[in-house]
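What follows is a set of notes on a single structure, which appears directly below.
The values are calculated or read from the model by the stated rules, or taken from the named source; none is laboratory data. This structure is a prediction, so every number in the text was calculated from the model and none was measured. When we count neighbours, we look across all protein chains shown, and the Cβ atoms used for this are built from the backbone with ideal geometry, even at glycine. The accessibility values were calculated without ligands, DNA or RNA, using every heavy atom of the protein model including side chains. Shrake-Rupley method; radii C 1.70, N 1.55, O 1.52, S 1.80 Å.
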Amino acid sequence: MLNKADLVRFSKIVGEDNLKTDEPMSKHSSFRVGGPAELYLEVDSVEKLKAILDVNKELKLPITVIGNGTNILVKDNGIKGIVIKYVAKGIAKATLDNDTFAITADAGLPNAALANELLKDSLTGFEFAASIPGTIGGAIYMNAGAFGGEMENIVSEVTFLDLDDLAIYKSDGDDCDFGYRHSKFENMNTVILSATMVFNKGNKEEIKRTMDAYLQKRLETQPYDKPNAGSTFKRGDGFITAMLIDEAGLKGYTIGGAQVSEKHAGFIVNTGNATAKDILDLIKYVQKTIMEKYGKAIEPEVRILG
Ligand SMILES: Cc1cc2nc3c(=O)[nH]c(=O)nc-3n(C[C@H](O)[C@H](O)[C@H](O)COP(=O)(O)OP(=O)(O)OC[C@H]3O[C@@H](n4cnc5c(N)ncnc54)[C@H](O)[C@@H]3O)c2cc1C
């Protein structure tokens, strides 16, 4: 249990405004559901992060790390211990040769912000991620991808803090065990701090056109008007999950405030008053229906926390 003195210690590190107790996680999840975090901290530097973890050495509270909360489903009972949102947003640029640059971005930087910086310098290779609404940390963790691009194709190095020994490590992109919506960080207890990515010079107008076209495609096909967390399920092995859900007649199927989107069967949306339980029950119902109708097991892409 947290006492006043512990809270003061944390508050001195992150500042009063960046510490919240019993913070509703619905405020930090794009699904807009989720119970309270016992202690919620926004941390904007490695030094502050280390200081927090030093204090926590005695308290031994469990730690959950989030980015923009665009791929998480927090249960209604909330999250015990400390939720850390790592919000460092720095960008550094190094020249590899005339046309090739290594860009190191802090994990808290939103993908869209990085995409805009790269556009200013006419650097190509990140267009696919510009409209994925998460952070660099979340994109590394998930090996986020769209429109034929994936983080694993551009990442040369990831720096992370290991929450078990509190040491900082670097991993080459090749050593991150990237796979479809998977990285080694899923099986580790870490805070991803930053990633170095390699980009080439391109044509500014073309980069902008591509980014705009991808965004337009999303607006046309995805339910932007209702809270969601992107594709609820992973792609199947040899089948497109959203197509099966559509074929099974599940578009519009509703449990409480959770609904299989009428616009895109791969998305579950919050129609306004969903609980996390509604969404979890709907996930289970869709899984059961697809198994019964097609004999296929489908797996959630969203990370269930709490
Ligand atoms: C409308 C919409 C469209 C989307 N489209 C796509 C798409 O096209 N392609 C795609 O791949 N995804 C898509 N997503 C899902 C989501 O945006 C991505 O998975 C994104 O990479 C998640 O980043 P985040 O910062 O929001 O991470 P969060 O959702 O906050 O976290 C996701 C996971 O990463 C971990 N994590 C986050 N940051 C760190 C860190 N610094 N250190 C350690 N662990 C961390 C969390 O613990 C959690 O397990 C979409 C989501 C929405 C809402």
Taking the stretch 220-246 and the residues there that are within 16 Å of the ligand (Cβ to nearest atom) and open to solvent by 80 Å² or more (accessible area, probe 1.4 Å), the one that is nearest to LEU109 (Cα to Cα) would be TYR224
Just one listed residue, out of SER156, SER171, SER131, is small (Gly, Ala, Ser), crowded, with 16+ Cβ neighbours inside 10 Å and in contact (Cβ under 8 Å) with a residue 24 or more places away in the chain, and it is SER131
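Given the condition at pLDDT 95 or above and surrounded by fewer than 14 Cβ atoms within 10 Å (Cβ to Cβ), answer yes or no: does some residue in the stretch 176-185 qualify? Before the answer, list the steps.
Step one: list which residues in the stretch 176-185 are at pLDDT 95 or above, which gives 176-185.
Filter once more, so that each one left must be surrounded by fewer than 14 Cβ atoms within 10 Å (Cβ to Cβ): 179-180.
Yes, some residue in the stretch 176-185 is at pLDDT 95 or above and surrounded by fewer than 14 Cβ atoms within 10 Å (Cβ to Cβ).
Listed here are the residues, each with its yes/no results for (1) open to solvent by less than 50 Å² (accessible area, probe 1.4 Å); (2) within 11 Å of the ligand (Cβ to nearest atom); (3) in contact (Cβ under 8 Å) with a residue 24 or more places away in the chain; (4) not hydroxyl-bearing (Ser, Thr, Tyr).
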site	(1), (2), (3), (4)
ALA265	yes, no, no, yes
VAL269	yes, yes, yes, yes
ASN273	no, no, no, yes
ALA276	yes, no, yes, yes
ILE279	yes, no, yes, yes
MET291	no, no, no, yes
PRO300	yes, no, yes, yes
ARG303	yes, yes, yes, yes
For this session: Determine, yes or no, whether THR70 is within 27 Å of GLY179 (Cα to Cα) and not assigned by TED's automatic domain parsing to the domain that holds ASP177.
Result: yes
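Of all residues in the stretch 7-31, which are within 14 Å of the ligand (Cβ to nearest atom) and either crowded, with 20+ Cβ neighbours inside 10 Å or not basic (Lys, Arg) (or both)? Walk me through how you get there before you give the answer.
Initial filter on the stretch 7-31 (within 14 Å of the ligand (Cβ to nearest atom)): 25-31.
Once the filter is applied, which keeps residues that are within 14 Å of the ligand (Cβ to nearest atom) and either crowded, with 20+ Cβ neighbours inside 10 Å or not basic (Lys, Arg) (or both), the stretch 7-31 yields MET25, SER26, HIS28, SER29, SER30, PHE31.
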query = Right, THR70: polar (S, T, N, Q), in a loop (DSSP other than H, G, I, E, B) and buried (at least 17 other Cβ atoms within 10 Å of the Cβ) or not?
reply = yes
A careful count of residues in the stretch 175-193 that are in a strand (DSSP E or B), within 9 Å of the ligand (Cβ to nearest atom) and under 13 Å from the mean Cα position of the chain (by Cα) gives 2
(1) of a type outside the set (S, T, N, Q); (2) farther than 23 Å from ALA213 by Cβ; (3) in contact (Cβ under 8 Å) with a residue 24 or more places away in the chain; (4) open to solvent by 50 Å² or more (accessible area, probe 1.4 Å) all hold for LEU53 apart from (4)
Check your understanding: Does SER194 satisfy the criteria of being within 30 Å of GLU47 (Cα to Cα), open to solvent by less than 10 Å² (accessible area, probe 1.4 Å) and of a type in the set (Ser, Thr, Tyr)?
Key -> no
message: I'd like to know if the stretch 95-104 contains one or more residues that are of a type outside the set (A, V, I, L, M, F, W, C), within 30 Å of PRO227 (Cβ to Cβ) and open to solvent by 20 Å² or more (accessible area, probe 1.4 Å).
response: no
Of the residues in the stretch 31-87, those that are closer than 17 Å to GLY108 by Cα and in contact with a Pro (Cβ under 7 Å, 6 or more places away or on another chain) come to ASN68, THR70
Of (1) surrounded by fewer than 20 Cβ atoms within 10 Å (Cβ to Cβ); (2) more than 10 Å from the ligand (Cβ to nearest atom), VAL260 satisfies every one except (1)
